Amino acid sequence: MVSWDLVYTNQAKRDAEKLSRSGLKPQAQKLLEILKENPHQNPPSYEKLVGDLAGAYSRRINIQHRLVYQVLEDIHTVKVIRMWSHYE
């Protein structure tokens with residue numbers, strides 16, 4: 001199976017630093033590895049977002065923080081949008 005490419009927005013890169021400082025990096029890394037293998041894998045569960053983030057998906061890093069991403073099927077890429085709270 002071919003793995004998916006991951007690309008990160010500038011916001012996701014800033015969020016990664018926050019995750020590292022807060023001790024949540026291992027949980028996020030686990031989710032990123034799953035996305036590289038199959039962004040539609042279930043479990044862990046994910047939800048399709050609506051509103052400003054319509055077309056994106058969300059997976060829980062912990063009770064408060066989410067990994068928000070878009071799946072770009074045509075170029076076999078997962079675009080990581082956020083890795084902190086998407087409610088801010």
_Fewest-first sequence of D5, D15, D74 by Cβ atoms within 10 Å of each Cβ_ = D74, D5, D15
_Cβ-based net charge around L31, under 14 Å, with every Lys or Arg adding one and every Asp or Glu removing one_ = +3
_Length-normalised contact order of the range 5-82 in % [C-alpha pairs under 8 Å, at least 6 apart]_ = 36
*Which value at 222 nm does the chain reach when only helices count, each DSSP H run of 4 or more adding -39,500 (n - 2.57), with the total divided by all residues and rounded to the nearest 500 deg cm²/dmol?*
-9500 deg cm²/dmol
*asked:* Out of the chymotrypsin sites (Phe, Trp or Tyr not before Pro) in the chain, which ones are loop residues according to DSSP with at most 10 other C-beta atoms within 10 Å?
replied: Y87
_Student exercise, the chain dipole from Lys, Arg, Asp, Glu Cβ charges, in Debye to nearest 20_ = 380
*Which order results if I81, I34, I63, I75 are arranged by neighbouring Cβ count within 10 Å, fewest first?*
I63, I75, I34, I81
_Please report the antiparallel percentage of DSSP beta bridges with both residues in the range 5-82, rounded to the nearest 5._
75
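The numbers here are math on the coordinates, done by the rules we state, and not lab data. Computed from a prediction, not measured in an experiment: that's the story for all the values here. Cβ coordinates were reconstructed from backbone atoms using ideal geometry, including for glycine residues, and neighbour counts include every protein chain displayed.
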